[in-house]
Each structure stands twice: as structure tokens, then as C-alpha cells.
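Scroll down for the structure; my scribbles are underneath it.
Read-outs throughout are calculated quantities, based only on the coordinates presented, and are distinct from any laboratory measurement. Remember, predicted model here, so these are calculated numbers, not experimental data. In this analysis, Cβ positions are derived from the backbone assuming ideal geometry, glycine residues included, and neighbour counts consider all displayed protein chains.
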Amino acid sequence: MMTMAAFFQKPLAHLPSHRLFVLVMAALLGAFLFSSGLADNQGSVDRSLLQMEAVKPRLDLTPELAASVARAANQNGVSGVSDLQPVLEQAASLSFNSAEMESRIASNLAKTGQVNVNASELAKAAHALSEARKASKNGGGETSLEPVDAERRSQISELLNTMASPELAVETAVTEQIMYAALEVVTNASAEQLAIAPIENLQAQTGATIQNLRARTTNENPTPKHAAKAQERERLALALEALTSDELAVLTRFYASEEGQAKRDTLISTYRDVSNAANAKLLNTYLERLITQSKNKSQQN
């Protein structure tokens with residue numbers, strides 16, 4: 001009787017054609033299933049990362065920032081806010097497509113390397129963190145029953161420094177500052193000046209405006225970037241404290257790995273890119289509608 005080792009040592013050319021076909025198809029199917037398994041695992045990891053960093057809730061919230069920014073501007077004495085708020089809100093709703101933005105982020109994450117992590121464990125930890133965030137936001141957060149020892153404090157501290165959330169909060173602050181600057185346009189220019197302003201010239205400056213606001217470290221309205229980052233760290237710390245030691249360990253291993261860090265960096269850079277694009281569209285749309293409105297009023301007078 002031929003042994004298994006002898007079978008594999010037998011040249012394929014000596015096998016009957018139908019058996020050779022079966023072997024080839026089995027090998028191809030195995031390779032396909034293996035690669036599909038890796039892809040599914042990778043997709044699960046990416047989805048967990050997006051959930052851990054609350055990407056969807058952040059993006060969904062962005063258009064709604066226009067109303068809160070308008071309230072802050074009104075309280076600070078910015079003129080004409082009541083007339084400008086509807087224009088800003090319309091521009092925001094047209095410029096921030098959360099589904100498209102998240103899709104682009106996910107697409108770039110998929111291009112990064114594989115992460116050697118148990119996808120199922122990471123998914124459970126991501127879900128637990130997401131639930132802890134919600135509970136903390138609603139004021140009903142539960143603290144973990146596990147003792148707060150030195151290792152636990154160290155893990156939380158490390159995660160606060162390695163997770164992307166604080167940097168993503170900075171992006172939200174930048175968007176708020178751009179909206180605030182848009183509301184100040186009428187303060188810096190009269191309706192007559194806006195009516196005759198070449199829209200192309202103003203829109204050509206939107207990129208520089210965004211970069212200037214990004215670089216600004218004083219007179220940041222309505223929320224300074226460093227304050228937004230600090231507030232997010234506090235919220236994140238509360239959520240992390242509610243996790244079990246096993247869940248914290250899973251998150252720590254992921255973010256400490258070279259591949260996990262690469263995905264985190266890709267998330268931040270792509271989030272910034274899609275935010276820049278949406279912010280530019282916001283300003284351009286807002287200016288176009290504002291100037292059209294000013295011209296119409298000028299013609300009526």
C-alpha cells in the first residue's frame with residue numbers, strides 16, 4: 001500500500017488526469033479560502049478600529065456643529081449670526097457626507113498591513129469600549145469592578161497616548177473654527193463689498209484659510225484645539241476605566257504593535273484629508289451662497 005509520503009513524492013505527471021484536476025482545484029480553492037479568510041479577518045480588524053475611535057459618530061455629528069458654533073458666535077457678539085446660520089447649516093449639510101468620508105477612511109485602512117491580533121477578541125473589546133463611551137456620555141458610566149492597580153493605570157495611560165481619538169477631536173475643533181470664521185465674514189466685510197467680491201478669488205483662498213486656522217494657537221473660537229484634545233482624553237479615560245483587564249490588554253497589544261500603529265497613523269492622516277476636503281467644500285459653498293444672497297439684496301435695493 002502506498003504511504004501518504006510516497007503519494008506526495010509521486011510525480012504529478014504520473015497521476016491520472018482526473019485526479020490531477022482534482023488536486024489542482026483543491027489547491028486553488030484552498031488558496032482562495034485562505035486569502036478570503038485573511039481578508040475577512042483584516043476587514044474585521046479595520047471595523048473594530050473605526051468603532052474604537054468612534055469614527056462614524058464623529059462624522060455623523062459634523063454637520064450639526066453649525067448650530068452650536070452659531071450659538072457660540074452669537075454669544076460672543078458676532079454680528080448677523082441669525083441671518084448667516086441657515087446659510088452655514090445648508091453648506092455643512094451639503095459638504096459633509098459621513099458615509100463617503102468613512103468609506104474613504106476604510107479603503108485606506110484596508111491598504112495597510114495585516115495585524116497579528118485575534119479579530120474576535122478585538123471586536124469584543126471594541127464593542128465594550130463603544131458601549132462605555134455611550135454610557136459615559138449619558139452620565140451613567142459604570143466603572144470596572146476590577147482593582148485599579150499599577151498595571152491597569154499604565155495600560156490606560158498608554159492607550160491615551162496611542163489611540164487616535166484625541167487627534168480626531170482636534171479635527172473637530174478645526175472644523176468648528178472654520179465654521180466660526182465663516183460667520184465672521186460679514187463682520188470683516190460689508191454686504192456691499194460681498195456683493196461685488198469675485199467668488200473665484202475668495203474660493204481660491206480657502207486652502208490657505210484652513211491651513212492658517214490649523215496653525216493658529218491663539219484666539220481660537222469656539223474651542224481651542226488643545227482644549228478639545230484634553231477634553232477627549234478625559235472622556236476616553238472614563239470609557240477605558242470601565243473595561244475589564246482582558247479588554248484593556250487586547251487594546252494595548254493592538255496599539256503597541258507596529259502594524260496597529262500604522263493603521264492608527266493611516267486613520268489620522270486620512271481623517272485629516274477627508275476633513276480638509278469637506279471643510280474646503282464647506283467654505284466654498286458658504287461663500288458662493290452668501291455672495292449670491294448679497295448680490296440679490298443689492299439688486300433689490
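Among 113-124, 169-180, 242-253, how do they line up from the highest to the lowest mean number of other beta-carbon atoms within 10 Å?
Answer by packing, highest mean first, reads 169-180, 242-253, 113-124.
Taking the Cβ of ARG233 as the center, what net charge do the other residues with Cβ under 14 Å away carry, scoring Lys and Arg +1 and Asp and Glu -1?
Combined, the nearby Lys, Arg, Asp and Glu give -2.
PRE reach from ASN97 (point 7 Å along Cα→Cβ): which of region 249-271 fall under 18 Å by backbone N?
271, by backbone N distance to the label point.
Order 54-60, 225-231 from most to least packed using the mean count of other Cβ atoms within 10 Å.
Put in order of decreasing packing, that is 54-60, 225-231.
With viscosity set to 1.306 mPa s and temperature to 10 °C, compute the Stokes-Einstein D of region 163-299, Rh being the Kirkwood radius across alpha carbon pairs; µm²/s, no decimals.
91
Determine, for each peptide in 279-290, 76-87, the mean count of other beta carbons within 10 angstrom over its residues, then list the peptides with the highest first.
279-290, 76-87
Just to verify a number: FRET efficiency for GLN211 and ARG289, C-beta to C-beta distance, R0 = 25 Å, to 0.05?
Between GLN211 and ARG289 the formula returns 0.60.
Please report, to one decimal in angstroms, the Kirkwood hydrodynamic radius of region 42-183 built from all distinct Cα-Cα pairs.
Value: 17.7 Å, from the Cα pair sum.
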